[in-house]
1. Among ASP51, ASP41, ASP88, determine the one that fluctuates most according to a GNM of the chain built with springs between C-alpha atoms less than 10 Å apart.
2. Specify the residue with the greatest mean-square fluctuation among GLN166, GLN91, GLN126, computed from a Gaussian network of the chain linking alpha-carbon atoms under 10 Å apart.
3. Express in whole angstrom the spacing between the alpha-carbon centres of segment 83-130 and segment 140-157.
4. When the chain is fully extended, how far beyond the present Cα-Cα distance does THR101 get from ARG164, taking 0.36 nm per residue of separation?
5. Taking only Cα atoms and a 10 Å spring cutoff, compute GNM fluctuations for the chain and point out the largest among ASN94, ASN107, ASN82.
6. With only Lys, Arg, Asp and Glu charged, each at its Cβ (+1 for the first two, -1 for the last two), find how big the charge dipole of segment 43-100 is about the Cα centre; round to the nearest 20 debye.
7. Report the full-extension gain for the segment LEU57 to SER86: residue separation times 0.36 nm, less the Cα-Cα distance, to one decimal in nm.
8. Report the number of Lys pairs in the chain whose alpha-carbons are under 22 Å apart, with separation of 8 or more residues or on distinct chains.
Amino acid sequence: MKDSDYFSYLYEIARLLNKEFSLRSALCKSLEQMVEILDLDTGWVWLTEADNKSVYLAASYNLPPALSKHPERLSGGCFCINQYLSDDIDQPLNISEIACTRLKNINSGTEGLKFHATIPIIINDQKVGLINLLSKETRELSERELMVLNTISELVGTAVQRTRLQQSYPTKKMNPTPP
């Protein structure tokens, strides 16, 4: 990946995150860009609950039938979530198909997904969420690709925190003043 590509990818994702009014829409569009940038197949984003002891599925892109037709398979804990919540994942990393608890016991409908990368979203030492990106090919992302994903996770984390902060402020009704 050339430096010019790196910066154009970051710019595009930052633009998407800042343009969208809905956090879910921003996450879905950014996720799609991440999958396309790295020539992967699918992905999803987990965000932490307020207690930082659990996560919820906030966005997904191009899920295989085994997951899209059975959304319950994307609930509950898994290897990545458990590692993240117990502070054992703090940098993007490659996960083999053997370690992925979401996929290893599914016999059909995975469209051959094997490899995935896990990218923690951490801003100012605060857990924000986790991104999983998957591929049909068994491969590891390069250090450069993982670095790009780490930077993207910081952009995503900032957008999530900004949205959460905005939602925490009470909205005031504007009463028009009589003429």
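Values quoted throughout were computed directly from the atomic coordinates according to the rules given, and no laboratory measurement underlies them. Since we're looking at a predicted model, the values are computed, not measured. Neighbour counts are summed over all protein chains in view; Cβ atoms, including those assigned to glycine, are modelled from backbone coordinates with ideal geometry.
1. Looking only at ASP51, ASP41, ASP88, the biggest GNM fluctuation is shown by ASP51.
2. GLN166
3. 14 Å
4. Difference between extended and current length: 19.7 nm.
5. Comparing ASN94, ASN107, ASN82 in the GNM, the peak value goes to ASN107.
6. On the way: 3 positive and 7 negative charges, 61 e Å.
My answer is approximately 300 debye.
7. Numbers: separation 29, 0.36 × 29 = 10.44 nm, distance 1.83 nm.
Full extension of this stretch gives 8.6 nm more.
8. For the chain, qualifying lysine pairs total 11.
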